[in-house]
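Structure first, then comments.
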Amino acid sequence: MSDVLTAGEPQVDRAVGDTALLLAGSGFPGEADRLVRTWRSVTERPAAALVPGPVHARAWAMLFEARGERPDWAGELLPLDLDAEEAAHRAYLSRPVPSLPTGLLGDTTAGKIVSGLAEHLEQGAEDPAKTALLRAEDLAREGEHDAALAALADWAALRPSMPAALACRHLAPLLVAGADPLGLGEEHATALAAELIAALRTRYAAKSASLDWPSLIDRVLELREACGRAPASTRDIEAAETRLGRELPPDYREFLRTTDGLPADVAFPRLLAAAELTAHGGVVPVSERGESMILLSPVASGWVVVQTDALLGTSTYRTFRELMEEHLRLLES
């Protein structure tokens with residue numbers, strides 16, 4: 001949380017990437033995807049920024065193979081030869097821990113600390129966490145899944161690195177299936193994703209307000225995984241205003257010039273095209289009729305936007321832009 005709110009951009013990317021792998025490797029890929037999609041939306045950085053090194057690259061690759069699918073954002077990651085990466089990861093896990101060189105920093109305090117540590121490390125010592133992972137991977141490869149899960153429990157008690165575990169080709173399916181060796185649990189996973197998403201929105205709050213209309217609509221459609229519509233013509237907008245007997249709000253005109261309506265979403269009604277707009281007692285519905293509706297309502301100062309919902313009640317927005325920014329915020333969360 002601290003990194004996401006205050007650290008430099010590389011630390012933000014690392015925190016999000018590591019947490020997404022933690023969530024996916026604990027059996028919660030949906031929460032991982034939600035976190036990554038929000039991060040991409042608010043930072044506008046490519047998914048490659050989530051890959052600080054080869055272990056993380058392998059982890060993502062093995063994760064997607066275990067899931068049997070790649071989310072759309074994963075297309076930005078370089079494809080890997082999984083057979084070659086499997087061999088490379090075994091070599092990585094088998095590599096002994098090098099001893100620390102004595103006297104590297106001279107007679108300084110840091111040098112004495114390093115030297116003292118070096119005296120307690122044997123040349124070529126094993127890394128217990130990597131050794132436990134390698135044993136679990138070998139057991140999983142042999143089909144000994146119960147024994148592999150037991151070895152993962154041993155790994156979890158050491159210095160667990162979820163990227164290193166997910167990068168194990170035969171362990172990744174067990175992790176994705178919900179082995180959850182770190183005991184994250186659904187409640188904690190959901191809360192963790194929600195807290196980081198909230199922190200991302202807080203840090204990058206100004207970004208949505210600074211988006212122009214095409215960028216705002218593109219962001220909404222990206223998160224919906226939907227296609228937009230062509231812009232309304234000036235003739236269609238002017239014809240609608242003639243039909244309504246007054247000018248439309250300036251920001252709603254800009255919306256129509258960007259996209260002539262929008263398809264419906266799960267909790268958002270279909271927005272009408274300019275040619276479909278009609279007035280009803282001065283109120284202009286700008287969405288399809290249904291349990292949820294969006295209306296332009298005239299007031300002394302111009303217009304307000306009213307959203308009615310059978311379950312959630314009525315919300316009022318000063319501008320159509322405010323409504324769409326709130327819709328984007330809900331999509332991100």
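Is one or more of the residues making up the range 83-94 basic (Lys, Arg), more than 29 Å from LEU221 (Cα to Cα) and at pLDDT 90 or above?
Checking the range 83-94: at least one residue is basic (Lys, Arg), more than 29 Å from LEU221 (Cα to Cα) and at pLDDT 90 or above.
Which pairs do you get when a residue that is open to solvent by 60 Å² or more (accessible area, probe 1.4 Å), found in the range 131-155, comes within reach of a residue that is not aliphatic (A, V, I, L, M), reach meaning Cβ atoms under 6 angstrom, with the pair 6+ apart or on two chains?
Short answer, once both residue conditions are applied: ARG141/HIS170.
Where residues in the range 253-276 are without any contact (Cβ under 8 Å) to a residue 24 or more places away in the chain and aliphatic (A, V, I, L, M), which of them is surrounded by the fewest Cβ atoms within 10 Å (Cβ to Cβ)?
Top of the filtered list is VAL266.
Please determine whether any residue of the range 41-60 is over 14 Å from the mean Cα position of the chain (by Cα) and either under 25 Å from LEU216 (Cβ atoms) or among the charged types (D, E, K, R) (or both).
Yes.
For the range 199-210, does any single residue satisfy the condition of being part of a helix (DSSP H, G or I), open to solvent by less than 40 Å² (accessible area, probe 1.4 Å), out of contact with any Asp or Glu (no Cβ under 6 Å at 6 or more places or on another chain) and at pLDDT below 95?
Checking the range 199-210: at least one residue is part of a helix (DSSP H, G or I), open to solvent by less than 40 Å² (accessible area, probe 1.4 Å), out of contact with any Asp or Glu (no Cβ under 6 Å at 6 or more places or on another chain) and at pLDDT below 95.
In the range 156-175, which residue that is in contact with a Pro (Cβ under 9 Å, 6 or more places away or on another chain) and modelled with pLDDT under 95 is nearest to GLY17 (Cα to Cα)?
My answer is PRO160.
Cβ-Cβ below 9 Å, separation at least six or inter-chain, first residue in the range 45-59 and farther than 11 Å from PRO10 by Cα, second open to solvent by 40 Å² or more (accessible area, probe 1.4 Å) and of a type in the set (Gly, Ala, Ser): which pairs?
From the range 45-59, the pairs are ALA47/GLY75; VAL55/SER161.
Could you tell me how many of the residues in the range 66-99 are open to solvent by 70 Å² or more (accessible area, probe 1.4 Å), of a type in the set (Asp, Glu) and over 19 Å from the mean Cα position of the chain (by Cα)?
2
If the requirement is being farther than 30 Å from ARG257 by Cβ, open to solvent by 20 Å² or more (accessible area, probe 1.4 Å) and not in a helix (DSSP H, G or I), which of these qualifies: LEU182, LEU192, LEU174?
LEU182
Tally the residues that are in a helix (DSSP H, G or I) and not aliphatic (A, V, I, L, M), restricting the search to the range 41-78.
13
Failed condition for ARG243, given (1) of a type in the set (Lys, Arg); (2) without any contact (Cβ under 8 Å) to a residue 24 or more places away in the chain; (3) open to solvent by 70 Å² or more (accessible area, probe 1.4 Å), with all others met?
Single failed check for ARG243: (2).
Can you tell me which of ARG70, ARG40 is over 24 Å from ARG201 (Cα atoms) and free of Cβ contacts under 8 Å to residues at least 40 places away in the same chain?
Just a single option satisfies the conditions, and that option is ARG70.
In the range 306-316, is there at least one residue being in contact with a helix residue (DSSP H, G or I) (Cβ under 8 Å, 6 or more places away or on another chain) and either under 21 Å from ARG243 (Cα atoms) or touching a residue at least 40 places away in the same chain (Cβ under 8 Å) (or both)?
no
Collect the residues in the range 211-220 that are part of a helix (DSSP H, G or I) and either β-branched (Val, Ile, Thr) or open to solvent by less than 50 Å² (accessible area, probe 1.4 Å) (or both), keeping them in residue-number order.
Of everything in the range 211-220, those that are part of a helix (DSSP H, G or I) and either β-branched (Val, Ile, Thr) or open to solvent by less than 50 Å² (accessible area, probe 1.4 Å) (or both) turn out to be TRP213, SER215, LEU216, ILE217, ARG219, VAL220.
I'd like to verify a number: residues in the range 1-30 that are outside any helix (DSSP H, G or I) and open to solvent by less than 10 Å² (accessible area, probe 1.4 Å), how many?
1
The values are calculated or read from the model by the stated rules, or taken from the named source; none is laboratory data. As the structure is a prediction and not an experimental result, all values here were calculated from the model. Note that we place each Cβ from the backbone using ideal geometry, even for glycine, and neighbour counts take in every protein chain shown. Heads up: the accessible areas ignore ligands, DNA and RNA and are worked out on the full protein's heavy atoms, side chains in. Shrake-Rupley method; radii C 1.70, N 1.55, O 1.52, S 1.80 Å.
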